[in-house]
Every structure is written in C-alpha cells, then in structure tokens.
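Trainee: Here you go, one structure.
Each value in this text was obtained by applying a stated rule to the coordinates, not by laboratory testing. From a predicted model like this one, the values you see are computed outputs, not experimental measurements. We place every Cβ from the backbone using ideal geometry, glycine too, and count neighbours over all the protein chains shown.
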Amino acid sequence: METPQKKSFKNYIPRIILAIILIGAGIYAYRSYQYNQRYESTDNAQIETYTVPVVPRVGGYVTSVSMKDFEQVKKGQLLVDIDDREQQLALTEMEAVYQQLLTDVENAKANIKNTNMTIKAAETNITATVLRKEKALKDSERDARLFADNAITRRQADDSKSNLEVLNAQYEGQKQDIVASKSRLDILYSNVHKAEAALAVQKAKIDQQKLRLTYSKVYATENGKIGRKSVEPGQYIQPGQTLATIVQDSLYWVVANFKETQIGRMAIGQEATIKLDAYPDLELKGRIADFSDATGAKYALLPPDNASGNFVKVTQKIPVKIAIDEIAKYRDKLRAGMSLEVEVKIK
C-alpha cells in the first residue's frame, strides 16, 4: 500500500516532465533567437565553376580523338581531329582558279601597254603627216600662182591641190584613231580593275578556306578536366555539336540561394561558413562576393508568373555568390554541383 508521500510524488512527475520540456524548449528557443540574430543560413547552395563546351566549327568524319573522360587537359591541346581531305582538294581548286585570274590581270595590263604603244606610234605618224601636209600646202599655193602665170599646166596645179586634200584627210583620220584608242584605254583600265577585284575575291576565298582547314583540328580552349565526352573516331559530327565539356578546376565559388527576407541584413564582404555534404567534418571559410540582380525564378525556363490575374505571394530566393578562402587548399575536394550548407555571419 502506497504511502501518502509516494502518492504525492507520483502526482508531481508529469509536472516535472512538463517543466523540463518547457525549460528545454525555452533554452532551444533562446539559442535559436541568439543564432538568428547573428547568422543567416541556407542549405539551398552548391559549388559552381566555369564549364567550356568543346565544339567543332566545321563538320566531317572524326579521324582521331585525343581525350578521355575526366582527363586533365591544357589550353591548346589537340582533342579531336576531323578528316580534311575534301577541304584540301577544294583549296587546290581555288588556288588553280587564282592562277587563272592572275593571268587575266596580266593580260588586261598587257592590253593597256599595247594600246599605249599604238597611241605613241599614231602620234609619231601624225607628226610626220603634219610635216607632209605643211609641205603640200606650200606646194599647192606655189603651183596655184604658177598656174595663174601660165607657168605650169592645170593638171600639175590640180595634183598639188589633190595631194593636200589627201594629207588633210589622213591627218583627220589619224586624229580620230588616236581619240578612239585613248577612249578604249578607259575600257581597258576598267577590265584591269575588274580582273584585280576577281583576283582579290578569290584570294579571300583561299584565305577563308585555309582558315577552315585549321578548324579541322579541335583544341582545348581552357585548362581543366574533361567531363563526359560524346565523340569517337569514325563518327560524323556537325558544326556546333558539343563533343565534350571542359570543367575548369582552378576556380570554384559558391552560389547560395537565400530567401529575400534574409538578404536585408547581408552585405558584400561578410564572413561565411561553408559545410560540404560530402565532407561533414570539413568546414570552409568564405566571404560574400556579390548578389544577383534577379531572383532565381527570373532565370527559370518557365517562370511562376500567373497570367490569369490570380496572385499568390511566394517568398523568392536571391542567388548570392560566395568566394571561398584558401581555394588552393581545398581544390582537390571540390566538385562543381556539390551540395552544401552556408552560414553568413551578420553581426
């Protein structure tokens, strides 16, 4: 049979348990309040880095692949070689056309040279014609006076006059020939310019083809590690097709998505503590580097904007960039896309 004291103690046990719970809850609430006054935290965060796609600028069949999955590569290293035999043949044909156009330019210039020589010869002939015409004019005037004095016959006077008229006609004809030859020079110079323009166009095509030939070799544009490659020898690839991805392993940072109600007390330069899910015992330090100018929803493919006119207010997330301190020390453990938790010290 229980004594009154034992019975009384049993009646207090629920009250004691309730008191302990209340005290524990109060301590937890106080510590949570203290923590929230000094820190802002989120588990919506991950490691980020730059990724560079490996893409060809020309299509064709792949002759060799010089990269492996997750292999370290250096900038300028040959990764993929594309068959360029058709491109080489096209270049040979273009160079043959260039030589033909070069001959056309030389022929056009030779025509100008020949025409100039013809003009010079005509000018020399017309000078001789002028001298003969002057002599014929004097002879005709003298014979006209002699005929008037009955010193010569009419036939002799007519011959002198006819000779002068012939020379005058020759002189006019030679002048017209020179004018025609000089006017033809404009056409010949135009032909030269046209041939030179065609030559320049062909030269540009050759340079472009030589440049295209360099595209048959795909090189690494950055230092880093190859992600999963998707190309093998013998495969036909298209221009712009992603063959692999280079993940830069020299620079990492954290993008943490905080609620818009949290960033009011956050500022650039504040200290941050980073805890990786993959390494629970590893604690990294960093600092806020910048804030996004838009919420995460604005970058979504399908933004959650309600077009029907019904609006439901939802707390948005703001991406915050956090620079990792002593990045070289932890670089071997960091991988792009790793999940983590971030605490930002605001006081």
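Trainee: At what distance in nm do the modelled label points of Ser190 and Thr118 sit from each other, each positioned 7 Å from its Cα along Cα→Cβ?
Mentor: 1.7 nm
Trainee: Would you list the P(r) distribution for the range 145-285, with all Cα-Cα distances sorted into 5 Å bins from 0 and each bin expressed as a whole %?
Mentor: 2, 6, 6, 7, 6, 6, 6, 5, 5, 5, 5, 4, 4, 3, 3, 3, 3, 3, 3, 3, 3, 2, 2, 2, 2, 2, 1, 0, 0
Trainee: Determine by what factor the alpha-carbon radius of gyration of the range 230-281 differs from 2.2 N^0.38 Å, reporting the quotient.
Mentor: 2.03
Trainee: For the range 214-304, what class follows from the C-alpha gyration tensor (a ≥ b ≥ c being the square roots of its eigenvalues): rounded when a/c is under 1.5, otherwise prolate if a/b is larger than b/c, else oblate?
Mentor: Note, shape of the range 214-304 comes out prolate.
Trainee: By a straight-distance test (C-alpha under 15 Å), which aspartates and glutamates pair with Lys161 as possible cross-link partners, with residues fewer than eight away in the same chain excluded?
Mentor: Qualifying aspartates and glutamates at Cα under 15 Å: Glu134, Asp139, Glu141, Asp143.
Trainee: When the scattering of the chain is computed by the Debye formula from its Cα atoms alone, each counted once and equally, what is log10 I(q)/I(0) at q = 0.12 Å⁻¹?
Mentor: The Cα Debye sum returns log10 ratios of -1.05.
Trainee: Work out from phi, with θ = phi - 60° and the Karplus expression 6.51 cos²θ - 1.76 cosθ + 1.60, the ³J(HN,Hα) of each residue of the range 226-238, listed in order in whole Hz, and give x for Gly and Pro.
Mentor: Taking θ as phi minus 60°, the curve returns 6, x, 6, 8, 9, 8, 9, x, x, 7, 8, 10, 9 Hz for the range 226-238.
Trainee: Using only Cα atoms and rounding to the nearest 10 degrees, what angle (0 to 90) does helix 85-148 make with the longest principal axis of the chain?
Mentor: Around 30 degrees separate the two axes.
Trainee: Of Lys225/Lys313; Lys217/Lys329; Lys113/Lys203, which pairs sit farther than 32 Å apart, going by alpha carbon to alpha carbon? Don't skip to the answer; put the middle values down first.
Mentor: Numbers: Lys225/Lys313 43 Å; Lys217/Lys329 36 Å; Lys113/Lys203 25 Å.
Check vs 32 Å cut-off fails for Lys225/Lys313; Lys217/Lys329.
Trainee: Still on this model: Among Gly76, Gly26, Gly240, which one shows the highest mean-square fluctuation when the chain is modelled as a Gaussian network with alpha-carbon springs under 10 Å?
Mentor: Evaluated over the chain, the most mobile residue of the options is Gly26.
Trainee: Largest first and in whole Å, give the semi-axes of the range 100-154's equivalent ellipsoid, each being the square root of 5 times a Cα gyration tensor eigenvalue. Write out the running numbers ahead of the final one.
Mentor: Working: eigenvalues 502, 12, 4 Å².
The three semi-axes for the range 100-154 are 50, 8, 4 Å.
Trainee: May I ask you to evaluate 6.51 cos²θ - 1.76 cosθ + 1.60, the Karplus curve with θ = phi - 60°, for each residue of the range 195-212 and list the ³J(HN,Hα) values in order in whole Hz, giving x for glycine and proline?
Mentor: The phi angles translate into 5, 5, 5, 4, 5, 5, 4, 5, 5, 5, 5, 5, 4, 5, 5, 4, 5, 4 Hz.
Trainee: A follow-up question, please. Can you give the helix-only mean residue ellipticity at 222 nm for the chain, where every DSSP H stretch with n ≥ 4 adds -39500 (n - 2.57) and the sum goes over all residues, rounded to the nearest 500 deg cm²/dmol? Please report the intermediate quantities before stating the final value.
Mentor: Values: 4 runs with 164 residues, N = 347.
Calculated mean residue ellipticity at 222 nm is -17500 deg cm²/dmol.
Trainee: Now for a different question. What net charge do the residues around Asp177 carry, taking every other residue with its C-beta under 13 Å from that of Asp177, with Lys and Arg at +1 and Asp and Glu at -1?
Mentor: Overall, the nearby charge balance is +2.
Trainee: Can you classify the range 78-186 as rounded, prolate or oblate using the Cα gyration tensor, where a ≥ b ≥ c are the square roots of its eigenvalues, rounded means a/c under 1.5, and otherwise it's prolate if a/b beats b/c and oblate if not?
Mentor: The shape class here is prolate.
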